[in-house]
Amino acid sequence: MKLIRIASALCTVAAIAAGICGTNQMLAQAAAPAMQMPMKADATKKPMSPPMKAEATLPSGKITVDYSAPSARDRKIFGGLVPFGEVWRTGANAATTLKTSSALQIGDLNVPAGTYTLYSVPTPDGWTLIVNKQTGQWGTVYDVAQDLGRVKMSTATTSMPVETFVIDFEKTTGDTAELHLKWVGVDAYVLVTAVK
């Protein structure tokens, strides 16, 4: 009986190693996944759309925009990857988040202190910025009923093509700053004013 157990045990070991031994092949298949080591993620590999942050400090408080920055990678962006006339997540991955420690006016929209999601609607003739009250969702999740409001943005052509999408604040002076969205050849922007 001991010889049978030893032979069976040897057969199981051999089956795991080589996937043979007739009736013990199923044992080998069941045990094989446990024998495999998980592959380690390459910590040096840069994400396709890395997390980025834009910040501005006004006398009344701080504004922060957290977003993921996709790259063009030889693709047609506006009117292609990002269709004209449709709501866009304004970045990649999770929803782009705006946090403000004080009340703002973005364009002609009053924005109380708090956390919001930014979406946009690009068209060949201009852009619209959407400030939405829903937060924490994936970027493609959009609920129009949660809109705080929409504002028209000015547009310009960048001096050089912008490979990786950028959100930044420019011309920060006194109570105002410009919020810019830049990608490929487009620079869409809107005035942000601290509300006293």
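Could you go through the range 178-189 in sequence order and give the Karplus-derived ³J(HN,Hα) for each residue, using 6.51 cos²θ - 1.76 cosθ + 1.60 with θ = phi - 60°, rounded to whole Hz, and x for Gly and Pro?
Each residue of the range 178-189 in turn: 9, 8, 10, 10, 10, 7, 6, x, 9, 10, 9, 8 Hz.
Long-range amide H contacts for SER68: which residues qualify at under 5 Å (H placed 1.01 Å from N, peptide plane, sequence gap of 5 or more or a different chain)?
Sorted by chain and number, the residues that satisfy this are MET52, ALA92.
Report the trypsin sites (Lys or Arg not before Pro) located in the range 71-138 that are in a DSSP loop and have at most 11 other Cβ atoms inside 10 Å of their Cβ, or state none. Working shown, then result.
Values: sites: ARG73, ARG75, LYS76, ARG89, LYS99, LYS133; in loops: ARG73, ARG75, LYS76, ARG89, LYS133.
Those satisfying the criteria are ARG73, ARG75, LYS76.
What list of ³J(HN,Hα) values in whole Hz, one per residue of the range 106-118 in order, does the Karplus curve 6.51 cos²θ - 1.76 cosθ + 1.60 (θ = phi - 60°) give from phi, with Gly and Pro shown as x?
9, x, 9, 9, 7, 10, x, 4, x, 10, 9, 10, 9
Give me the number: length gained by fully extending ALA156 to GLN134, i.e. 0.36 nm times residue separation minus the C-alpha to C-alpha distance, one decimal in nm.
Numbers: separation 22, 0.36 × 22 = 7.92 nm, distance 2.94 nm.
Value of the extension gain: 5.0 nm.
Each reported figure results from applying straightforward, stated rules to the coordinates on display, with no laboratory input. Quick caveat, the model's predicted, so the values are computed rather than measured. Cβ sites come from the backbone with ideal geometry, for glycine too, and all protein chains shown count toward neighbours.
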